[in-house]
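Worksheet: the structure to be examined is printed underneath.
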């Protein structure tokens, strides 16, 4: 298993993950990113529906390996992408 950090941002605000999570494989990585997004959305202030927020997943060297947008009103904004 590999440790990744799951940071959340809307471009101006950040929720940083200092500890990270141990994850095994890309399917588990995407699932964990969705879990982090759901938890972060519950912590957002009133009136913030999560639009524009995303989970930016980084390995311990700081390299971005995955981006997962928050789910807003049953739709995902924009398409989930694997970082190159």
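Taken together, the values in this text are just the output of simple stated rules run on the coordinates, not laboratory data. Keep in mind it's a predicted model, so treat the numbers as computed, not measured. When we count neighbours, we look across all protein chains shown, and the Cβ atoms used for this are built from the backbone with ideal geometry, even at glycine.
Residues that are buried (at least 18 other Cβ atoms within 10 Å of the Cβ), under 16 Å from residue 5 (Cβ atoms) and touching a strand residue (DSSP E or B) at 6+ places or on another chain (Cβ under 6 Å) occur at least once in the stretch 38-48. The set of residues in the stretch 48-67 being in a strand (DSSP E or B) and farther than 14 Å from residue 11 by Cα consists of 57, 58, 59, 64, 65, 66. Among the residues of the stretch 1-33, the ones that are part of a helix (DSSP H, G or I) and in contact with a strand residue (DSSP E or B) (Cβ under 8 Å, 6 or more places away or on another chain) come to 5 in all.
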